[in-house]
Amino acid sequence: MLLLKDVKKSFRQPDGTALPVLDIPEFRVAAGEQMVMVGRSGCGKTTLLHIIAGIGRPDSGKVRLDDWDLTLLPEAERDRFRAERIGYVFQTFNLLAGFTALENVLVAMRFARGRPDKARARNLLNRVGLSHRITHRPAQLSVGEQQRVAVARALANKPQLLLADEPTANVDAGHQQQILDLIRETCREENVALIMVTHSNDVAVQFPRMDHLEDINHVAVGAAIG
Amino acid sequence: MSLWKVAWRSIQQRALVSLLTVISMALGVALVVAVLVVYGVVYQSFHRGGEGYDLIVGAKGGREQLVLNTVFYLSQPVGNIPYSLYEDVKEGSRFGADVETAIPVCMGHTYQGFRVVGTVPEMFTELKYRNNERYQFAKGRNFKADQPFEAVLGAAAASRTQLQIGEAVRNIAGGSHTDRAEFKVVGILAPTGTPVDHAVYVNMRGFQEIHHGAAAAEHAERADHDEGGKHDEKAKHDEHGDHDHGNEITAMLVCIYPDRANAGRTDVVARMVNDSRVAQAVVPARVIADMFEGVVGKLQWVLLGMAVVTVVEAGIGIMVSIYNSMSDRRHEIAVMRALGASRFTVMMVILMESILLALMGGAIGLLLGHGVIWACSPLIAEWTGVVVDMLQFQLMELVLIPGLVVLASAVGYLPAVAAYRTDVAKSLITTP
Ligand SMILES: Nc1ncnc2c1ncn2[C@@H]1O[C@H](COP(=O)(O)OP(=O)(O)OP(=O)(O)O)[C@@H](O)[C@H]1O
Ligand SMILES: [Mg+2]
């Protein structure tokens, strides 16, 4: 379903030289597959997720989701494509501060140009155990609760692919497992493919597939530090 | 969840700054409303005065002064015209083929600040005011032609002087001379919203009688003071514009038969009077329109210009407040983009925010402006006779709402473009 081919990405550094971050000859994820991506800090995991989501563009290479080549889509269509088919749980939640938990889910539906489906939004929040918190704003929620809203929001538009960037890094071990189970269960129920980035071995071992970014990536950015 | 709501949420998030920008917009809009309404009031009160008759015939001189004097009872009395001219102009006379009515008026001094006007009872029976409305008496009756010492009060004059029916108006000739004549109040006119409300009307016969007497008395006084001098007293009197000739009036108000007026006969009568070399005839409506355009019209544009500048300034305030918040919300915009909002969508959200702020300010400003006008309406009614209603909108106000939307879009454009250009990947990583 997801296929990356010869994806290269480098960033311009403050001194003007290019910093190569990614050079991935091939990377595939099947429909409904669940996998974890591990790797050192700074090795390019977030950068890779951005490219898959179409938030960042690779310098070269192909990013295909089913029959669509994201790198060939004009920006507006890429935005729309992302809204409709890809859910994203950010490393730093990124809830919209002015909106309630429910509105955070609804706004994601709005941006996908679907009719905001209140029933589904409530249902999702219900499923992440926040039915009693739907009118709270992010600042009125605990960190774990915020993360759960972010999960509900990422699933709002019935995506084909959920990208989760260390969704459990900021919560305690008990909540970590809870959120992990929640994400995996929901993905299974809705047949959503899942790519989760994590630093936690406890998390990683639960997945049937674990990729080391250093193995699939020909650039070794993090290595220079380590 | 509509984009308007998204915009509304970000207004709420910056509640204090939003409130301040809304207030400054409201004040600007209220100012525009006030200028428009006050202009409308002044326009009406100005133009109303000259309605009800077609021509004013008075002494040669400035036409503006004649109108100010006979219509608005303002400024110093102009010179007089011979009574014989009245006889020539009135209906059925030498010039009077087209004349429906001619009413003689004599301007006197003031009584407690209200002009005393000597005239004939037909003033209130033959003449109409504003839109062909007939004068009504709130109390009492019209004065009678054969009762030289009867008086009728305009509505405002009556309420301010507190004079009642049966009481006397004294000392109307003004000055230091002895003036024992009394005019008995027999009627109080209903409010008309015209300068008529602000005058005291007396029978012209009585008026001329006392002015005759007063002039004679003054004559004597002056003669006493000018002991040694041999002044040309006649010249002195003319200079002071005193009514020392019984057979003179200040002016006459002339109505032309409507069908003949439509056929252009008004100007023909005016020309005949002007050719007579003793008087001038002016069309009050025309003079008033000219004066209004010349003085108040320009002032209105200046005031309106200033008020509009205030609104634009408030618009710039909106721009500054949104633009200043852009660095805080770059992250928020990046999140929206990452959730799938297009560049165009986030740009629209910013524009909508600007439009919402401007329209809220506009709505509050409209209410505020009309509220203030409404609160002041008793005062306005007393001063000008124009009754303003809270919901008396001026046509120009209709332009206000689309105008504000245009302004808001213009001032929102810069921050909207900043939103449009937000680099999503970069802004996502930097947490606020
Ligand atoms: N906009 C940018 N400009 C320049 N360099 C960047 C930019 N974004 C990321 N980088 C660099 O690219 C590398 C990869 O960053 P990335 O955020 O993908 O790492 P990561 O694997 O997600 O790390 P972590 O586990 O700490 O989140 C880092 O060395 C980072 O410094
Ligand atoms: Mg990362």
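Computed on protein heavy atoms with a 1.4 Å probe, the accessible areas place A:R184, B:R330 in the order B:R330, A:R184, largest first. Diagonalising the gyration tensor over the Cα atoms of region A:2-216 and scaling each eigenvalue by 5 before taking the square root yields semi-axes of 28, 20, 17 Å, largest first. For the listed peptides B:59-70, B:22-33, a ranking on the average number of other beta carbons within 10 Å per residue, highest first, reads B:22-33, B:59-70. Checked against a 21 Å cut-off, the cross-linked pairs B:K128/B:K298; A:K9/B:K426; A:K118/B:K5; B:K90/B:K128 give Cα-Cα distances beyond that limit for B:K128/B:K298. Taken over the Cα atoms of the protein assembly as shown, the convex hull encloses 252 Å³ per residue.
Working note: Karplus 6.51/-1.76/1.60 with θ = phi - 60° gives region A:17-24 the couplings 7, 8, 10, x, 10, 10, 8, 10 Hz, where Gly and Pro are set to x. Taken about its Cα centre, the protein assembly as shown carries a charge dipole of roughly 3040 debye when the Cβ of each Lys and Arg holds +1 and the Cβ of each Asp and Glu holds -1.
With the highest mean first, a sort of the peptides B:150-161, B:41-52 on other beta-carbon atoms found within 10 angstrom per residue produces B:150-161, B:41-52. Interface size, chains B and A: roughly 2200 Å² of accessible area buried, both sides included, 1.4 Å probe, rounded to the nearest 100. Computed over protein heavy atoms with a 1.4 Å probe, the carbon and sulfur contribution to the accessible area of region B:244-322 reaches 61%. Per-residue surface analysis assigns A:V38 an accessible area of about 20 Å², computed on protein heavy atoms at 1.4 Å probe radius. Which of the lysines could be linked to B:K184 by a straight reach, that is with a Cα gap under 17 Å, when you skip same-chain ones fewer than 8 residues away? Here the lysines satisfying the reach criterion relative to B:K184 are B:K139, B:K144. Secondary structure note: in the protein assembly as shown, about 65% of the DSSP beta bridges are antiparallel.
Computed 3J(HN,Hα) for region B:149-162, one whole-Hz value per residue from the Karplus formula 6.51 cos²θ - 1.76 cosθ + 1.60 where θ = phi - 60°, is 10, 9, 9, 10, 10, x, 4, 5, 4, 5, 6, 6, 7, 6, glycine and proline marked x. Nearest 5 percent is fine: what portion of the DSSP beta bridges confined to chain A is antiparallel? Here the share of antiparallel DSSP bridges comes out near 50 percent. What the Cβ-Cβ distance of B:K5 and A:D67 gives, at R0 = 25 Å and to the nearest 0.05, is a FRET efficiency of 0.10. Accessible area of B:M204 (1.4 Å probe, protein heavy atoms only, ligands and nucleic acids ignored): about 10 Å². Counting Cβ atoms of other protein chains within 10 Å of each residue's Cβ and taking the mean over peptide A:91-104 gives 5. To the nearest 10, the accessible area of A:T168 is 10 Å² with a 1.4 Å probe.
Inter-chain neighbour count for A:43-50: the average number of beta-carbon atoms from partner chains within 10 Å of each residue's beta-carbon is 1. Heavy-atom surface analysis with a 1.4 Å probe gives region A:1-64 a carbon and sulfur content of 50 percent of its accessible area.
Per-peptide packing, taken as the mean over residues of other Cβ atoms within 10 Å, places B:137-146, B:419-428 in the sequence B:419-428, B:137-146 from highest down.
For a straight C-alpha distance cut-off of 13 angstrom, the aspartates and glutamates reachable from A:K5 (same-chain residues fewer than eight places away being disregarded) are A:D23, A:E26, A:D59, A:D69. Averaged over the residues of peptide B:9-16, the number of Cβ atoms from other protein chains lying within 10 Å of each residue's Cβ is 3. Largest GNM mean-square fluctuation among B:V278, B:V78, B:V295, using chain B with Cα springs under 10 Å: B:V295. Counting only alpha carbon atoms, the long axis of helix A:118-127 and the longest principal axis of chain A meet at about 80°. Of the DSSP H helices in chain B, those with a Cα length along their own long axis of 27 Å or more and a mean Kyte-Doolittle hydropathy reaching 1.0 comprise B:15-49, B:343-384, B:397-421. Normalised per residue, the accessible area of region A:2-216 is 42 Å², obtained with a 1.4 Å probe and no contribution from ligands, DNA or RNA.
Amide H contacts under 5 Å for B:K184: B:E150, B:A151, B:V169, restricted to partners 5 or more places along the chain or on a different chain, H placed in the peptide plane at 1.01 Å from N.
The values are calculated or read from the model by the stated rules, or taken from the named source; none is laboratory data. Since the model is a prediction, treat every value here as computed from it, not as a measurement. Using ideal geometry, Cβ is built from the backbone for each residue, glycine included, and neighbour counts are taken over all protein chains shown. Calculation scope for accessible area: heavy atoms of the full protein, side chains included, ligands and nucleic acids excluded. Shrake-Rupley method; radii C 1.70, N 1.55, O 1.52, S 1.80 Å.
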